[in-house]
Amino acid sequence: MSTGEQPAYPSEQGDWLTLKQAAAQLGISPRTARRWIREGKLAGELMPGPYGQQYGVPANQISTAREITDVVRVDRQADMTTLAAVLERHLARRDEGMADLLAAIEGLRVEGRQADQRLTETLQAELAEVRRELAELKGLQQVAQERTGSTEPNDQHEGEDRPAWWMFWRQG
């Protein structure tokens, strides 16, 4: 290649593949192939393409990368008995945890009911005390009215809504 020539598009040369072609031959996505190139797992170079820079992968790298993926990929059948035992242990642990949670929830319910009962009793006792004090105050009011000879509080007629200044007006 002379100094003025650009390298050929990777798919036009026999010893280079496009990223998409290399990914298809390896059985991976182009995104994974690009990541492998960045990580150094697959050799590739940025080369000029029809739409700008794109990765080209040497054809001899495909067999090397395929050997690596074959070593990494382990095909084995799942032992259904072992799988069932693992699932059974997991479900048993989960059920134990659920039983503990249900017991804790029931304990909280009982505590809540007891607290509600205590609060109700306290409020009823306070209400009874307020009623007793109210009855006592009504009795004191009645005694005060009997002593003053007045039957209405503040010398106002019941049911009349007068402004606060009215008592001064009447006296003046």
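Filtered by the rule that a residue be at pLDDT below 55 and under 60 Å from the mean Cα position of the chain (by Cα), the range 143-168 gives a lone residue, GLY159. Just give me the residues in the range 46-57 being modelled with pLDDT of 85 or more, surrounded by 14 or more Cβ atoms within 10 Å (Cβ to Cβ), of a type outside the set (A, V, I, L, M, F, W, C) and more than 17 Å from SER29 (Cα to Cα), in sequence order. Correct list: PRO48 only. Look at the range 13-42: where a residue is assigned by TED's automatic domain parsing to the domain that holds THR64 and a partner is outside any helix (DSSP H, G or I) and surrounded by 14 or more Cβ atoms within 10 Å (Cβ to Cβ), sitting 6+ places away or on another chain with Cβ atoms under 6 Å, you get TRP16/GLY56; LEU17/VAL57; LEU19/TYR55; ALA22/VAL57; TRP36/LEU42; ILE37/GLY44; ILE37/TYR55. Is it true that ASP95 is at pLDDT below 85 and among the acidic types (Asp, Glu)? So ASP95 does not fit the description; no.
The values are calculated or read from the model by the stated rules, or taken from the named source; none is laboratory data. Predicted, not measured: the structure shown is a model, and the values here were computed from it. Don't worry about glycine lacking a Cβ; one is built from the backbone with ideal geometry, like all the others, and counts go over all protein chains shown.
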